[in-house]
Amino acid sequence: MPDSVPSHSPTVYEQIVALEQARTPFVVVTLIEALGSVPQDTGAKMLVTHAGRLVGTIGGGRVEAQALAFAREIIEGKGRLRGQPRFVNWSLKGDVGMTCGGSVKLYFEPHLAGSEWTVAVFGAGHIAQALIPVLIPLPCRILCFDPRAEWLEQLPAARNVAVEQRTDLASAVDLLPDDAFVLCMTQGHHTDRPILERALNTRAFPFIGVIGSAAKAAVLRREMVAAGLSADTVGRFHCPVGLEFGTNHPHEIALSIAAQLLTERDRKPVTADAATAMKSGS
């Protein structure tokens, strides 16, 4: 009879692999330095998800409770601070409120693979072929839709790239998360318009860009107004897409589009007070 392998609780590293494979956001909290009377040794780790501590410990008690709250803030926070690695140095008495003396230095390492910024690219042509390799190293999830298998096959394989051969491209709009950035870069006006019209008419995506000229944009807007969309609605897409620099070389266009995507992603929201001040001219 073969020897049985004893069961064991997953280690921190086994859980990291499992979380990455499941694309679940988490933070690794590591005790970098411990001075004085502290409840755990240097090098201790714990994993934190939306639900709280998953495995490991940095000492329990108030210091761990504060670290758990801080880690969840990194996962759930807004804007540029969300997902940023942090070092903290806490006095256990002054910062944490524990009676024991000493201090801890902690490193919070976020892994937010399950909640990346989504960029949906409709069309796998020359500009997409140049743009997607630029986006791959960024913390984003890239979706590319095209009816042509031979163009999709030319895109680089990467963990954060998903491609789908689809004849009805407009129907893929319904699959996107509400915060997706949408790029229409198909073979032309007639294939871009159904995607654009569905994106504008059914959702409020934070960014919609269309490859093409100002003249193409004017035609698209005129046609969609004639089809019943409001002037405000059809004014919500960017065409030409990309910042105004470089030439018409596909790689330079790709860089200008990537720069615009990052600019829009990191744009600070206008507060009500700021909006009032702008209107009043103060």
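The values are calculated or read from the model by the stated rules, or taken from the named source; none is laboratory data. This one's a predicted model, so the numbers in the text were calculated from it and none came from an experiment. Don't worry about glycine lacking a Cβ; one is built from the backbone with ideal geometry, like all the others, and counts go over all protein chains shown.
Taking the listed residues Ala172, Ala162, Ala204, Ala157, the one that is under 21 Å from the mean Cα position of the chain (by Cα), closer than 18 Å to Glu264 by Cα and among the small types (Gly, Ala, Ser) is Ala204, with no other qualifying. Contact map, region 32-46: residues that are assigned by TED's automatic domain parsing to the domain that holds Arg62 and on the phi > 0 side of the Ramachandran plot paired with residues that are surrounded by fewer than 19 Cβ atoms within 10 Å (Cβ to Cβ) and modelled with pLDDT under 80, Cβ distance under 8 Å, separation 6+ or inter-chain. Pairs shown: Gly36/Cys100; Gly36/Gly101; Gly36/Gly102.
Consider region 18-50 and keep the residues that are at pLDDT 85 or above and part of a helix (DSSP H, G or I). The one that is surrounded by the most Cβ atoms within 10 Å (Cβ to Cβ) is Leu19.
Looking only at strands (runs of 3 or more DSSP E) that lie completely in region 51-118, which have at least 2 residues being at pLDDT 85 or above, among the aromatic types (Phe, Trp, Tyr) and under 25 Å from the mean Cα position of the chain (by Cα)?
Here the list reads 103-111.
Looking only at residues of region 237-251 that are without any contact (Cβ under 8 Å) to a residue 60 or more places away in the chain and surrounded by 14 or more Cβ atoms within 10 Å (Cβ to Cβ), we find that the one that is nearest to Pro194 (Cα to Cα) is Phe237.
Those residues that are of a type outside the set (A, V, I, L, M, F, W, C) and more than 15 Å from Val88 (Cβ to Cβ), I need them from region 12-39; list them, please. Residues satisfying the conditions are Tyr13, Glu14, Gln15, Glu20, Gln21, Arg23, Thr24, Pro25, Gly36, Ser37, Pro39. Within region 119-151, being among the aliphatic types (A, V, I, L, M), in contact with an Asp or Glu (Cβ under 9 Å, 6 or more places away or on another chain) and more than 22 Å from Ala199 (Cα to Cα) holds for Ala130, Leu138.
Got at least one residue in region 217-230 being touching a residue at least 40 places away in the same chain (Cβ under 8 Å) and not aliphatic (A, V, I, L, M)? Looking through region 217-230, none of the residues is touching a residue at least 40 places away in the same chain (Cβ under 8 Å) and not aliphatic (A, V, I, L, M).
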